[in-house]
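Only one structure is covered here, and it is reproduced in the block below.
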Amino acid sequence: GNSVTQMEGPVTLSEEAFLTINCTYTATGYPSLFWYVQYPGEGLQLLLKATKADDKGSNKGFEATYRKETTSFHLEKGSVQVSDSAVYFCAPALGGGGNKLTFGTGTQLKVEL
Amino acid sequence: SAVISQKPSRDICQRGTSLTIQCQVDSQVTMMFWYRQQPGQSLTLIATANQGSEATYESGFVIDKFPISRPNLTFSTLTVSNMSPEDSSIYLCSGNRANTEAFFGQGTRLTVV
């Protein structure tokens, strides 16, 4: 069946380090793909999205590319900041005609000075 | 972006009682969903709130425990019935327009004692 696998955390990085959080999924067809972020004490916010193969979503220095060959949507940032400390969720739209999100386990990122 | 208002933001309830959570969305939202986020966990979809008809529940969730109403396009309620400490979670309402990203309310942090 449809599922999503996300890199386990927690991840601890120094400021300005490179970040990759892996996300792969299984699905029939080509679902829209999303990354959401949950900052400490706050609600869930959309970080970026991609709706078709080879699309690159980007926001706040984060990027993710829709790779249909590998069914992956890895999140990257070239230089993380302390303010990026949060929990990141990969969430492909695997059901409900492309409207229901299936959330990965979430990856907690802590960035230190 | 869509505006999702959810209340209460938090509550502490006695076991055996019920709590109703309200969610108000702006008029551009067509689909509404309810999620649960248990402590330190990812989000799990409870059900799709259907306007004017019974909600569609995911595996493991039943109407008797989580009755949901959606009397019109922009309003929905989730009731957590006969609560036990295991129901302590964050409950989130989300809304999206067809085939676009989902927006989330701030969530309701429920503690059952």
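The values are calculated or read from the model by the stated rules, or taken from the named source; none is laboratory data. Remember, predicted model here, so these are calculated numbers, not experimental data. Every residue, glycine as well, gets a Cβ built from its backbone with ideal geometry; the counts of neighbours run over all protein chains shown. We work out accessible area using only protein heavy atoms, side chains counted, and drop any ligands, DNA or RNA first. Shrake-Rupley method; radii C 1.70, N 1.55, O 1.52, S 1.80 Å.
Counting only protein heavy atoms and a 1.4 Å probe, the stretch A:39-101 has 43 square angstrom of accessible area per residue. Accessible-area loss of 40 Å² or more (1.4 Å probe, protein heavy atoms, chain alone versus all protein chains) is found in the stretch A:64-113 for A:99, A:100, A:101, A:103.
Ordered by 1.4 Å accessible area with all protein chains kept, A:13, A:48 run largest first as A:13, A:48.
Placing pseudo-labels 7 Å out from each Cα toward the beta carbon at residue B:41 and residue A:22 gives an inter-label distance of 2.5 nm. Using Cα pairs under 8 angstrom and six or more residues apart, how large is the relative contact order of chain A, in percent? So the answer I get is 36 percent. With unit charges on the beta carbon (Lys/Arg positive, Asp/Glu negative), name the residue among B:42, B:60, B:73 whose Cα is farthest towards the positive pole of the charge dipole of the stretch B:39-113. So the residue we want is B:73. For the protein assembly as shown, DSSP calls about 90 percent of its internal beta bridges antiparallel. Of the listed residues A:52, B:65, A:77, A:68, the order by accessible area with a 1.4 Å probe, largest first, is A:52, A:68, B:65, A:77.
Per atom type, the protein assembly as shown shows carbon and sulfur on 48% of its accessible surface, probed at 1.4 Å.
Computed from phi, the 3J(HN,Hα) profile of the stretch B:69-77 under the Karplus parametrisation 6.51, -1.76, 1.60 (θ = phi - 60°) reads 10, 8, x, 8, 5, 10, 9, 8, 10 Hz, with x in place of Gly and Pro.
Identify all lysines with a Cα-Cα distance to residue B:65 below 22 Å; exclude those on the same chain that are fewer than 8 residues away in sequence. Partners within reach: A:100, B:7.
Whole-Hz Karplus values for the stretch A:33-50 come out as 10, 9, 10, 10, 10, 10, 6, x, x, 10, x, 7, 10, 5, 9, 7, 8, 8 Hz, taken residue by residue from phi with 6.51 cos²θ - 1.76 cosθ + 1.60 and θ = phi - 60°; glycine and proline positions read x. Among beta bridges identified by DSSP and lying wholly in chain B, the antiparallel ones come to about 90 percent. Here's the list of lysines a cross-link from residue A:68 could span, going by alpha-carbon distance under 17 Å and ignoring same-chain residues fewer than 8 apart: A:49, A:52, A:56.
Farthest toward the positive end of the dipole of the stretch A:1-100, out of A:9, A:45, A:78, is the Cα of A:45, where the dipole comes from beta carbon charges about the Cα centre.
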